[in-house]
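Colleague: Please see the structure below; I have some questions.
The values are calculated or read from the model by the stated rules, or taken from the named source; none is laboratory data. No experiment lies behind these values; they were computed from the predicted model shown. Neighbour counts run over all protein chains shown; Cβ positions are idealised from the backbone, glycine included.
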Amino acid sequence: MTPKQLQKIRKGLKYNQTDFAKLLGFSREKLSLLERGVSKIDYATELVINDVVNSVNNPQKKRNSKAKVSNTKFDGDQQVGYSGANPFLNQDQMSMAMMVNASTASVSLDLICEILSVVSARPLEEIKGRASSMLKERGAKLQVVLDSLF
């Protein structure tokens, strides 16, 4: 989903940024950053957006806590259609994307640790140890959220 498509969806539903952001569970500022292309609309964000769009278009249905992607296509200003099918990634592709993302995050973390070690004049292993502890702590919190959702 592009920033322009997100903005067209919001305007097509006749929401201002504040009200649409509330529906999405975002701040108005975050929605503005997404619509302007300053922040990337990642897969998880697109899931939330499409789940909300589906619930607005089908008010008799409750929002799905395991959001499904709607297949929204745009032709100029016209919205072409919806489908509950996931048009993006199958399970194998999603697993591969997650591994690539984890690998990229790991490399980024190593680089940040090296920079902090030089800037703070602290041993690299001390910095990496602290980063590892923080990662484990946040990972445990994330697992609690994932367990409650799935």
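Colleague: Would you say Val145 is assigned to a helix (DSSP H, G or I), exposed (fewer than 12 other Cβ atoms within 10 Å of the Cβ) and at pLDDT below 85?
Modeller: Working: assigned to a helix (DSSP H, G or I): yes; exposed (fewer than 12 other Cβ atoms within 10 Å of the Cβ): yes; at pLDDT below 85: yes.
The answer is yes for Val145.
Colleague: How many residues does region 9-31 contain that are among the basic types (Lys, Arg) and buried (at least 19 other Cβ atoms within 10 Å of the Cβ)?
Modeller: Qualifying residue count, region 9-31: 1.
Colleague: What pairs come out if I take residues in region 30-42 that are in contact (Cβ under 8 Å) with a residue 40 or more places away in the chain and pair them with residues that are outside any loop (DSSP other than H, G, I, E, B) whose C-beta lies under 9 Å away, six or more apart or interchain?
Modeller: Ile41/Pro3; Ile41/Gln5; Ile41/Leu6; Ile41/Leu34; Ile41/Ile49
Colleague: Still on this structure, please answer the following. Check Ser117, Ser133, Ser106 and return the single one that is within 27 Å of Leu47 (Cα to Cα) and without any contact (Cβ under 8 Å) to a residue 40 or more places away in the chain. Write out each step before concluding.
Modeller: Details: Ser117 fails: within 27 Å of Leu47 (Cα to Cα); Ser133 fails: within 27 Å of Leu47 (Cα to Cα).
None of the other options fit; the residue is Ser106.
Colleague: A further question follows. Of the residues that make up region 32-44, is at least one closer than 21 Å to Asn101 by Cβ and surrounded by 19 or more Cβ atoms within 10 Å (Cβ to Cβ)? First the steps, then the outcome.
Modeller: Within region 32-44, the first condition is being closer than 21 Å to Asn101 by Cβ, and the residues that meet it are 33-34, 37-44.
Restricting the remaining residues to those that are surrounded by 19 or more Cβ atoms within 10 Å (Cβ to Cβ) gives 34.
Scanning region 32-44, I find at least one residue that is closer than 21 Å to Asn101 by Cβ and surrounded by 19 or more Cβ atoms within 10 Å (Cβ to Cβ), so the answer is yes.
Colleague: Right, here's the next one. If you go through region 43-65 one residue at a time, do you hit one that is assigned by TED's automatic domain parsing to the domain that holds Thr18, modelled with pLDDT of 80 or more and in a loop (DSSP other than H, G, I, E, B)?
Modeller: no
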